[in-house]
1. Can you name the number of the only condition in (1) open to solvent by 10 Å² or more (accessible area, probe 1.4 Å); (2) closer than 16 Å to A:Lys111 by Cβ; (3) within 12 Å of chain B (Cβ to nearest Cβ) that A:Gly46 fails?
2. If I filter segment A:81-115 down to residues being more than 11 Å from A:Ala149 (Cβ to Cβ), more than 16 Å from ligand 2 (Cβ to nearest atom) and of a type in the set (Gly, Ala, Ser), which single residue comes out as farthest from the other protein chains (Cβ to nearest Cβ)?
3. Which of the residues that make up segment B:193-202 are assigned to a loop (DSSP other than H, G, I, E, B) and either buried (at least 24 other Cβ atoms within 10 Å of the Cβ) or touching a residue at least 60 places away in the same chain (Cβ under 8 Å) (or both)?
4. Here are B:Val177, B:Val205, B:Val136: which of them is touching a Gly at 6+ places or on another chain (Cβ under 9 Å), surrounded by fewer than 24 Cβ atoms within 10 Å (Cβ to Cβ) and not aromatic (Phe, Trp, Tyr)?
5. Are there helices (runs of 4 or more DSSP H) fully within segment B:1-87 with at least 3 residues that are closer than 21 Å to B:Arg144 by Cβ? List them.
6. For segment A:95-105, which positions are more than 7 Å from ligand 3 (Cβ to nearest atom) and either within 20 Å of A:Asn9 (Cα to Cα) or buried (at least 19 other Cβ atoms within 10 Å of the Cβ) (or both)?
7. Name the residue that is nearest to the other protein chains (Cβ to nearest Cβ), counting only residues in segment A:131-155 that are open to solvent by less than 30 Å² (accessible area, probe 1.4 Å) and within 16 Å of ligand 3 (Cβ to nearest atom).
8. Test of understanding: among A:Val73, A:Val26, which residue is open to solvent by less than 10 Å² (accessible area, probe 1.4 Å), away from ligand 1 (no atom under 16 Å from the Cβ), more than 9 Å from chain B (Cβ to nearest Cβ) and among the aliphatic types (A, V, I, L, M)?
Amino acid sequence: MTDVSMTVNGEERTASVPPETTLLTVLRENFFLTGSKLGCDVGDCGACTVLVDGIPVNACLMLAGQAEGRDIVTIEGLANQDGMHPLQQAFENLASLQCGFCGPGVIISAKALLEENPDPSVDDIRDALSGNLCRCTGYTKMIEAVQDAARIMRGESADEAA
Amino acid sequence: MVMRAFDLVSAETADQAVALLAEHGSEAMILAGGTDMLVDLKHDKHRPAVVVDISRAGDLKGIEITDEGLRIGALVTHTEIMKSPIVQENFPAMVHAAHTIGAVQTRNLGTLGGNLVTCVPSMDSGPTLMALDAEVAVAGPDGRRRMTLDEFFVGPRKTTLKENELLVDILIPKKNVGKPVDFLKFGLRKGQALALVNAASSFWVDWDKNAFVEPRISLGAVAPTVIRVPEAEAYLDGREITPDATAEAARLAVEAAKPISDFRASAEYRRDLIAVLTRRTLENAYDLAKAKR
Ligand SMILES: Cc1cc2nc3c(=O)[nH]c(=O)nc-3n(C[C@@H](O)[C@@H](O)[C@H](O)COP(=O)(O)OP(=O)(O)OC[C@H]3O[C@@H](n4cnc5c(N)ncnc54)[C@H](O)[C@@H]3O)c2cc1C
Ligand code: FES
Ligand code: FES
């Protein structure tokens, strides 16, 4: 067993796990943060996307030991007492998701994009979401929601025509 | 998927990694970004007793111009290549090649060194580097050795790297820093798609004669490893840059390649792609040369 400790959504968390445990498994099974999903388990689908030191990665392709001492943000880290994150709110307003399984990964990818680029083009958004597969929606309303959230986060109102 | 049990040790420097490999011998394997390694471990393709995690080895990072050329640490990620001002300035084709790999999440984890060591024929970092005569440095118990990518690549998933050796860095020789080069990949989608064919072309221009100087053409996914096309290079060397010359080079490239048919595309289709990508990369490299002049 190896002891791992990391900051998850602002809190210090530790666990004792076999070395061959992925970051995704620790998050879900030791820290009970089941927002990040296990889809393909091999890097294709993006359902497991989390931020590690601010950067979106596939949690299924990282060992828990490689996350030692790092700062992790999962979907559970986005909403706070004041309410949902603008991305979550925009996804709800536009009904951007259907079954929702891809949602946590998509929103984490979108959050990373908006932190780097507050005014992304549709192509920028498509590129940022190209590692998040959605079997239901066709992506259109997700892209609109990311644009809406971007406007809100820039201090404009969501429906200001672009 | 469950992985078999292994011990995980972390190397903070290249030397420590080499020492750990020496200590554990054939039982040990290197782990960098894990985008190939974890998939292989989950599919039970490797059974290491010890996994040496190099993801914190700072001296394997970094992109810099040295007296010898442009040096890229083995641990540099595809995203770091895309964001590097040095790479952006000297080799936009490398930025493009890195951008075609997987998707954001994989590019944030996956490293250049891992891409070269995994050595699949469709690797997207290979052709541009090969067209620039790039060399790799590997470190083992007996010190370091350098070789060209030609020498490094042996076959599908096989390089000359020995069990106890570490890939340290990739060097584009000084004389080729700034050499016009273009890379194109044809996949079935923009994201998360392996290359059906990829290609890179590079050459200097003798402006008095408007002729090719030191032309290089490199192809991926059409042979057991990424290859160069010496026949087409010899044909172009010293020849005037004309549409006929690039068309003939493209034909020679098709002749030299040995594409296979698989579930992604037929050999016939790949041959058409080789011709088109070879011609376009030559044309684009020429445009780049004119813009830089
Ligand atoms: C979803 C997905 C999509 C992908 N799409 C593409 C694509 O479009 N194009 C493409 O080219 N690739 C693609 N890849 C593969 C690409 O991510 C890898 O080749 C990556 O670059 C490997 O780097 P890594 O750091 O993750 O290596 P790891 O997985 O950590 O290691 C890979 C291998 O190299 C060895 N190794 C790593 N670093 C060293 C070193 N410094 N010295 C010695 N040995 C070393 C390891 O022991 C292992 O055998 C994709 C992968 C995934 C999961
Ligand atoms: S579960 Fe990690 S990418 Fe699919
Ligand atoms: S909403 Fe069902 S997978 Fe995206």
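1. (1)
2. Checked segment A:81-115; the qualifying residue farthest from the other protein chains (Cβ to nearest Cβ) is A:Gly83.
3. Selection gives B:Leu194, B:Ala195, B:Leu196.
4. It is B:Val177.
5. Counting at least 3 such residues, we get B:14-24.
6. A:Ser96, A:Pro104, A:Gly105
7. Looking at the filtered set, the residue picked out is A:Gly131.
8. Every option except A:Val26 fails the conditions.
The values are calculated or read from the model by the stated rules, or taken from the named source; none is laboratory data. Note that this is a predicted model, so its numbers are computed, not measured. Positions of Cβ are generated from backbone atoms using ideal geometry, with glycine treated the same way; all protein chains shown enter the neighbour counts. These accessible areas exclude ligands, DNA and RNA; they are computed on the full protein's heavy atoms, side chains included. Shrake-Rupley method; radii C 1.70, N 1.55, O 1.52, S 1.80 Å.
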